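*Asks:* Quick one: the structure is below, and I'll ask about it shortly.
Here, each number is a calculation from the coordinates, and none is a lab measurement. What you are looking at is a predicted structure, and each value in this text was computed from that prediction instead of being measured. Neighbour counts are summed over all protein chains in view; Cβ atoms, including those assigned to glycine, are modelled from backbone coordinates with ideal geometry.
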């Protein structure tokens, strides 16, 4: 198996790189600055470019079997860039006849299957109020994926930490609170797991402790 990875130089992306390679999964990773990649491996190919550029995204996806995006906002990120990047991924995948894509987003993105609770509603309200551009971008990613014929999974995660991998976490549409969190290592574990199992197709699983 070979995957196209976007966001591989971020803190979650670096953990995901490590775990994918441990499973002998070949990776083509698109990065803006190759110097930020701290891992070297025979199965890892680095492509320099920008997720907002269609040609860069297309060249990264070409020759792979699946796509994973863990791109996130950092200081100075352009509003809406996640949606722009995802549009490039979807267009490339449809052209290349590649079906599987896993995208990481925030827990504030709602699903009709979520267990109703004031905690979930409050968390969504806080995110919409404090980071409206990020919230809109997350919701828009779902709107972009739903009408496609792709085998997509939108993984939703609350506050990310740098804790160790536990492999013990909840997955589903459960209630979460303001202090819910999940280690990046466990997010990477879950993404790797559902990639190999080809599970949670066209779903929005929420992952947390």
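*Asks:* Take the eigenvalues of the Cα gyration tensor for the stretch 74-131, scale each by 5, and report the square roots as semi-axes in whole Å, largest first.
*Replies:* 28, 18, 7
*Asks:* Looking at the stretch 2-208 only, what percent of DSSP beta bridges run antiparallel? Nearest 5 please.
*Replies:* Numbers: 3 of 33 bridges.
Counting only bridges with both partners in the stretch 2-208, antiparallel ones make up about 10 percent.
*Asks:* Can you tell me the 0 to 90 degree angle between the C-alpha axis of helix 184-197 and the longest principal axis of the chain, rounded to 10?
*Replies:* 70
*Asks:* Separate question: How much of the calculated P(r) for the stretch 98-149 lies past 18 Å, in percent of all Cα pairs?
*Replies:* 37
*Asks:* Roughly what angle does helix 118-130 make with the longest principal axis of the chain, taking Cα atoms, 0 to 90 degrees, to the nearest 10?
*Replies:* With rounding to tens, the tilt is 60 degrees.
*Asks:* From zero up to wherever the largest Cα-Cα distance of the stretch 89-209 sits, split into 10 Å bins and tell me the percent of pairs in each.
*Replies:* Using 10 Å bins, I get a P(r) of 13, 44, 34, 9, 0 for the stretch 89-209.
*Asks:* Would you work out the Kirkwood radius for the chain? I mean one over the mean of 1/r across all pairs of different Cα atoms, in Å.
*Replies:* By the Kirkwood definition, the hydrodynamic radius is 17.1 Å.
*Asks:* What shape does the stretch 1-98 take by its C-alpha gyration tensor, where a ≥ b ≥ c are the square roots of the eigenvalues and a/c under 1.5 counts as rounded, a/b above b/c as prolate, and the rest as oblate?
*Replies:* On the way: a/c = 1.80, a/b = 1.12, b/c = 1.61.
Oblate, because a/c is 1.5 or more while a/b does not exceed b/c.
*Asks:* Which of the peptides 21-28, 59-66 is most tightly packed, and how do the rest follow, judged by the mean count of other Cβ atoms within 10 Å per residue? Before the final figure, lay out each step's value.
*Replies:* Numbers: 21-28: 16.2, 59-66: 18.8.
Peptide ranking by packing, descending: 59-66, 21-28.
*Asks:* Given Cα positions, please report Rg to Rh for the stretch 146-209, the hydrodynamic radius being the Kirkwood one.
*Replies:* So for the stretch 146-209, dividing Rg by the Kirkwood Rh gives 0.98.
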